[in-house]
Structures are given as structure tokens and as C-alpha cells.
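Trainee: My structure is below; once you've seen it, I'll send some questions.
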Amino acid sequence: MSCGISKAGFLEEEVPRLEDWLNKNQHGQMVYMENHFDKRLDPTLLVDDAKSVVSLLLNYYPSDTQISDSFKISKYAYGQDYHFVIKEKLKELLHSIQENIGAVSGRAFVDSAPVLDKAWAAKSGLGWIGKNSNLLTQKVGSFYFIAELILDLELDYDYAVTDHCGNCTACIDACPTEAIIEPYKVNGSKCISYYTIELKDNLPMEMKGSFDDWAFGCDICQDVCPWNRFSKPHKEPLFNPNPDLLSLTKKDWEEITEETFKVVFKNSPIKRTKFSGLKRNIDFLK
Ligand code: SF4
Ligand code: SF4
């Protein structure tokens, strides 16, 4: 786990980016992105007397991946739902801070509340936001969950690091739906992750054939990123997949029943699409 700390306050530099993204409707059906605009930009509106944003990264890069003749699941969804796993860890961390320092108040966030987690992590020196819009680190790549503790405690603050994307365009070139419309700008509503997880309607026929066998999420722009050559397997047993997940063939996916789905994906973030959503995605890939 890596940790970086920023002074809590209004994230002024993110205003134009967020406004532009929302105005161009690049969030598609993710209407929750429109909510809490002010809170998204200012953690002091989320936590009384907030002084510091402690950003944390937790590796989810798996030691083994799915067999090649399979429909693909984003690596972050192999194991148990990270929201619950990380929330527990953050509660322990907050408890330990309170035991060691005294009366500190705070709240823990894991991709669940209106916090611009990548922006805070970058501000805290944990990495830079790459052309694929993921947080990238020189040492360990981008297969990391990002979480925050917002505390009413003054701390020493870290500094942002420089961008190391350089002339590379590997992610832009590899994206099968051209969702990275220009360096550092992803049109969320063209991304396979959006289609396979967020979109509630039928998948648009004009996209048929362009999902490159991804049935839940998409890792292409991370898999091709040279900085991910340095990824090392995580050590969190709860992120290990049900062994059946890695060996499912395309045929197995096509024939998967709701009973098998419930066993293989018990406590998995894949439950977000429900069985019907996953079936819809698989039928689209056939
Ligand atoms: S996750 Fe996949 S579809 Fe989305 S931007 Fe990256 S490569 Fe493109
Ligand atoms: S693939 Fe290249 S351009 Fe894209 S995020 Fe990685 S380093 Fe940056």
C-alpha cells in the first residue's frame, strides 16, 4: 500500500475538466457523476473541519489471469468487492490513528462518495494521471485501487510528481472503441467499461465486434501501458479469484447459469451488473 497526503481544500484546477466532461455528456448514463458537484471538488464540504486528504493505493494486480479462450473480466473484479475489503482496512487505519494521536475525526472513502480520488492521489505525489486517465506510478504501474481518509488533522503535505507519459501513445492506439479522444481525455460513454457495467439499456449494435471479448470492464489501456511492466502480484487473499473464474472457457461463459454465477462471483463486484447484465454482455460478444 502507498500513501500520500494533501491539504484539504477546493480543487480549483479540476473545475474546468469536470465541467467540460459533464457538459459534453461524456458520463453517459452515469448520472451520479452530476450530483454533488461542489462536494466533489471540496472535501471540507464532506467532512467538518477537514484538514487533510490521505490518499492510499492498494495493489490488485493478480498473479494469474484468465485462460486465453475466454471472455474477459477486468482484473480489479477478480476477487471480493474492493469497496468492502478496503473500507475495513481504512476503518482499522483510522482507529490506529485515533489510538496513537488522540481525538481525530474523519471519514473513509472508496470509490463510493463524491471524491475525485485520482486528482487527490496525483496531488499527493502518488503518481500522475496518464493519457489513459488512470493514475500511473513509475514504480508499480496502475493496477491499484485508490481510497481516501479525510481527516480533521493537520499533517505534512506531499508534492505532485511529474508526468512520465512522454511521447508514448500506446493506450490511445490500442483502445478498440477510440474512447481516448485525445491525450488525457477519455469519453466515458464510449468506453467498454461503461458499456459493459454502467449502461442499463441494450448494447448499441454499432459497437458489435469492437469489445475485444471484454464481458465486464476493460483493461486494454492499462495492459499496454509500459509502466505496467513493473506490476507485481498483490498479497491480499481476498482479491484472489474463485479458481473456476480463471478456467472458464467462452463456451462455459455462454452456458453459465445463475446458480454458477452466484457461486463463482460470490461477493464479487461483478454482481453490479447482476446475472442478467453479464448475460447481455456475453450474448453481445458471441
Ligand atoms: S478501458 Fe478499454 S475501452 Fe476504455 S478507454 Fe481503456 S482501452 Fe478504451
Ligand atoms: S500507455 Fe503510454 S501514454 Fe498511455 S498512460 Fe501509459 S505511458 Fe501514458
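Trainee: Return yes when Phe109 is among the aromatic types (Phe, Trp, Tyr) and at pLDDT below 95 and no when it is not.
Mentor: Answer is yes for this residue.
Trainee: Among the residues of the stretch 41-81, which ones are open to solvent by 20 Å² or more (accessible area, probe 1.4 Å), at pLDDT below 95 and in a helix (DSSP H, G or I)?
Mentor: Once the filter is applied, which keeps residues that are open to solvent by 20 Å² or more (accessible area, probe 1.4 Å), at pLDDT below 95 and in a helix (DSSP H, G or I), the stretch 41-81 yields Thr44, Leu45.
Trainee: If you don't mind, another one. All but one of (1) within 15 Å of ligand 2 (Cβ to nearest atom); (2) loosely packed, with under 14 Cβ neighbours inside 10 Å hold for Ile181, so report the exception by its number.
Mentor: Ile181 satisfies all of (1) within 15 Å of ligand 2 (Cβ to nearest atom); (2) loosely packed, with under 14 Cβ neighbours inside 10 Å except (2).
Trainee: Which members of the stretch 225-239 meet the condition of being in a helix (DSSP H, G or I) and either in contact with a Leu (Cβ under 9 Å, 6 or more places away or on another chain) or crowded, with 18+ Cβ neighbours inside 10 Å (or both)?
Mentor: Matches in the stretch 225-239: Trp227, Asn228, Phe239.
Trainee: Could you say which residue among Leu153, Leu135, Leu116 is closer than 16 Å to Leu56 by Cβ and within 16 Å of ligand 2 (Cβ to nearest atom)?
Mentor: Leu135
Trainee: I would also like to ask the following. Tell me, please, whether a residue that is within 8 Å of ligand 1 (Cβ to nearest atom) and in contact with a strand residue (DSSP E or B) (Cβ under 7 Å, 6 or more places away or on another chain) can be found in the stretch 189-200.
Mentor: Among the residues of the stretch 189-200, at least one is within 8 Å of ligand 1 (Cβ to nearest atom) and in contact with a strand residue (DSSP E or B) (Cβ under 7 Å, 6 or more places away or on another chain), which makes the answer yes.
Trainee: Tally time: how many residues in the stretch 240-260 are open to solvent by 10 Å² or more (accessible area, probe 1.4 Å) and either of a type in the set (Lys, Arg) or assigned to a helix (DSSP H, G or I) (or both)?
Mentor: 12
Trainee: What number goes with the only condition from (1) in contact with an Asp or Glu (Cβ under 6 Å, 6 or more places away or on another chain); (2) at pLDDT 80 or above that Met30 does not pass?
Mentor: (2)
Trainee: Sticking with this one: Do we find a residue being more than 30 Å from Lys51 (Cβ to Cβ), acidic (Asp, Glu), open to solvent by 70 Å² or more (accessible area, probe 1.4 Å) and within 16 Å of ligand 1 (Cβ to nearest atom) anywhere in the stretch 203-214?
Mentor: Checked the stretch 203-214: at least one residue is more than 30 Å from Lys51 (Cβ to Cβ), acidic (Asp, Glu), open to solvent by 70 Å² or more (accessible area, probe 1.4 Å) and within 16 Å of ligand 1 (Cβ to nearest atom).
Trainee: Looking at Cys175, Cys165, Cys171, which is the one that is open to solvent by less than 80 Å² (accessible area, probe 1.4 Å), modelled with pLDDT of 95 or more, on the phi < 0 side of the Ramachandran plot and more than 14 Å from ligand 1 (Cβ to nearest atom)?
Mentor: When all the criteria are applied, what remains is Cys165.
Trainee: What residue, among those in the stretch 138-150 that are among the aliphatic types (A, V, I, L, M) and within 18 Å of the chain's Cα centre (by Cα), is nearest to ligand 2 (Cβ to nearest atom)?
Mentor: Among residues in the stretch 138-150 that are among the aliphatic types (A, V, I, L, M) and within 18 Å of the chain's Cα centre (by Cα), the one nearest to ligand 2 (Cβ to nearest atom) is Val140.
Trainee: Looking at the stretch 91-130, which of its residues are open to solvent by 20 Å² or more (accessible area, probe 1.4 Å) and within 16 Å of ligand 1 (Cβ to nearest atom)?
Mentor: Asp111, Lys118, Ile129 - these are the residues of the stretch 91-130 that are open to solvent by 20 Å² or more (accessible area, probe 1.4 Å) and within 16 Å of ligand 1 (Cβ to nearest atom).
The values are calculated or read from the model by the stated rules, or taken from the named source; none is laboratory data. Here the structure is a predicted model, which means the values were calculated and not measured. Heads up, the Cβs are rebuilt from the backbone with ideal geometry, glycines too, and the neighbour counts pull from every protein chain shown. Each accessible area value is taken on the protein alone, full model and side chains, heavy atoms only, with ligands, DNA and RNA left out. Shrake-Rupley method; radii C 1.70, N 1.55, O 1.52, S 1.80 Å.
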